[in-house]
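A short worksheet on the structure shown next.
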Amino acid sequence: MGGLARRCALSPSLCAARSVGRRLGEAASARRARHAPIPCGACRVRLFDAAARRFAFALDPERAHQLSIRALKTAKSRRTRQPADPRLAAIVAGLPFPNPVGLAAGYDKNAEVPHALAGLGFGFGFVEVGTITPRAQPGNAKPRVFRLPRDRAVINRLGFNNEGHEAALKRLRAERHGDIVGVNIGVNADSTDRVGDYVAGIRAFYDTASYFTANVSSPNTPRLRELQERETLERLLEKILAARDDAAASHGKRVPVFLKIAPDLDERGLDAIAAAFNAEPADGLIISNTTITRENLRDRRHAKETGGLSGRPLFERSTVALAKMRVRLGPHVPIIGVGGVDSAESAAEKMRAGADLVQLYTGLVYHGPGLVRRIVGGLSAMCERENLTNLAAIRDAHVDEWAARRIGG
């Protein structure tokens, strides 16, 4: 995801990307100088995003990702905030979100740059770090990340590679700016007490997390998705929420807990999630994680790689699951929609299907860091066009239509 470093390209490699982008822009301008006006600022951003993407795509996906993190570390002191549109603001699970567009877990696995992402003008309303496990672990063998450009998708089988609680906690405690930063918690691959791993995450990050996400749905940790079975999930939620309540009493604040589920559940699976959630009500759901399905992919080079598929092909499946859970749980449960968000319209459609907020990640790989501001700007334009006093008014407008669809088309 090297494109995230658009305005922070300070390493030699990313400086090279900036130079490439500048030369491409200059050459294009020279060719068109007699026939077209000077490109607007937004056009220049798009040109650079395209150049940065070509540079990043020349690199191994994990190498590009590492370079972007490195660049953001260098630039994180230069915080700037974009003017907020009050029509996009929302109170969800008791938290004040300046806009509904967040960064999904998976990019900043070790909580290295959450405040840079929130404060460098990218446009995010919130950022989620992780997944973080109690102990450091390397994840699965490489190669383990594959781009599918024709589908605007990515397959990964990373396997919760991260530096563990201690390293992430140290970083989060060292830098606080009032940004909404969620902490996504998970289990070690060799854990003998998976419930205990989640409880340890609640206890470790309670004084730093704006909210928690219990990740029970990654396809890249063996048997993790078994935690979505009704009785198992009820026991897990009971222990997690008890740990949260104990920490709330000692810290004097209540931190919301979200549950992140898979998009590959059938109707019975969704019923089981809803039943467990009603029995042990967390503060909200995140729908969804990546999918193990490979429906209608055009990019065949990596389509058979194992792992979770994210990006544009996930949009319909995840949105159907979202709407079906909204119908099952009713209008008051906060839901964050994830999967295939890469435009203002796709973000809005997630909300029409029942989401209060949305998250994205893979879209940035293909559209560059300017994507978030374009989405936020597009949502503001929608409010203006439709005379909305608050974007939340569109929520559930299409929920029945989406919920009536069969999962998987």
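Looking only at strands (runs of 3 or more DSSP E) that fall completely inside the stretch 119-215, which ones have 2 or more residues that are buried (at least 18 other Cβ atoms within 10 Å of the Cβ) and acidic (Asp, Glu)?
none
Considering only residues that are without any contact (Cβ under 8 Å) to a residue 24 or more places away in the chain and under 28 Å from residue 312 (Cβ atoms), which ones fall in the stretch 140-173?
141
Out of 258, 277, which single residue is within 24 Å of residue 357 (Cβ to Cβ) and either of a type in the set (Gly, Ala, Ser) or in a strand (DSSP E or B) (or both)?
Just a single option satisfies the conditions, and that option is 258.
Of all residues being among the hydroxyl-bearing types (Ser, Thr, Tyr) and within 18 Å of the chain's Cα centre (by Cα) in the stretch 283-315, which is surrounded by the fewest Cβ atoms within 10 Å (Cβ to Cβ)? Just the residue, please.
291
Rundown of residues vs (1) closer than 25 Å to residue 122 by Cα; (2) not aliphatic (A, V, I, L, M), yes/no style:
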{"residue": "145", "(1), (2)": "yes, no"}
{"residue": "152", "(1), (2)": "yes, yes"}
{"residue": "157", "(1), (2)": "no, yes"}
{"residue": "161", "(1), (2)": "no, yes"}
{"residue": "168", "(1), (2)": "yes, no"}
{"residue": "173", "(1), (2)": "yes, yes"}
{"residue": "178", "(1), (2)": "yes, yes"}
{"residue": "182", "(1), (2)": "yes, yes"}
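Let me spell it out: the conditions are (1) within 13 Å of residue 258 (Cβ to Cβ); (2) buried (at least 24 other Cβ atoms within 10 Å of the Cβ); (3) not aliphatic (A, V, I, L, M), and residue 218 meets all of them except one. Which number is the exception?
(1)
Residues that are part of a helix (DSSP H, G or I), closer than 17 Å to residue 217 by Cβ and over 13 Å from the mean Cα position of the chain (by Cα): does the stretch 329-342 have at least one?
The answer is yes, given that some residue of the stretch 329-342 is part of a helix (DSSP H, G or I), closer than 17 Å to residue 217 by Cβ and over 13 Å from the mean Cα position of the chain (by Cα).
Output the residues belonging to the stretch 373-409 that are in a loop (DSSP other than H, G, I, E, B) and within 16 Å of residue 325 (Cβ to Cβ).
395, 396, 398, 404, 405, 406, 407, 408
Output the residues belonging to the stretch 198-224 that are at pLDDT below 95 and not polar (S, T, N, Q).
219, 222, 223, 224
Can you tell me which residue among 265, 259 is surrounded by 14 or more Cβ atoms within 10 Å (Cβ to Cβ), within 21 Å of residue 102 (Cβ to Cβ), under 22 Å from the mean Cα position of the chain (by Cα) and touching a residue at least 12 places away in the same chain (Cβ under 8 Å)?
Of the residues listed, the single one that is surrounded by 14 or more Cβ atoms within 10 Å (Cβ to Cβ), within 21 Å of residue 102 (Cβ to Cβ), under 22 Å from the mean Cα position of the chain (by Cα) and touching a residue at least 12 places away in the same chain (Cβ under 8 Å) is 259.
Identify, from the list 408, 330, the residue that is of a type outside the set (A, V, I, L, M, F, W, C), surrounded by fewer than 22 Cβ atoms within 10 Å (Cβ to Cβ) and farther than 24 Å from residue 258 by Cβ.
One residue alone meets the criteria, 408.
Of all residues in the stretch 69-98, count the ones that are at pLDDT below 95 and aromatic (Phe, Trp, Tyr).
Residues that pass the stated criteria total 0.
Buried (at least 24 other Cβ atoms within 10 Å of the Cβ), in contact with a Gly (Cβ under 6 Å, 6 or more places away or on another chain) and either in a helix (DSSP H, G or I) or outside the structural domain of residue 118 (by TED's automatic domain parsing) (or both) - does that describe any residue in the stretch 352-359?
No, every residue in the stretch 352-359 fails to be buried (at least 24 other Cβ atoms within 10 Å of the Cβ), in contact with a Gly (Cβ under 6 Å, 6 or more places away or on another chain) and either in a helix (DSSP H, G or I) or outside the structural domain of residue 118 (by TED's automatic domain parsing) (or both).
The values are calculated or read from the model by the stated rules, or taken from the named source; none is laboratory data. All values reported here derive from a predicted model rather than from experimental measurement. Here Cβ is always computed from backbone atoms with ideal geometry, including for glycine, and neighbour counts include all displayed protein chains.
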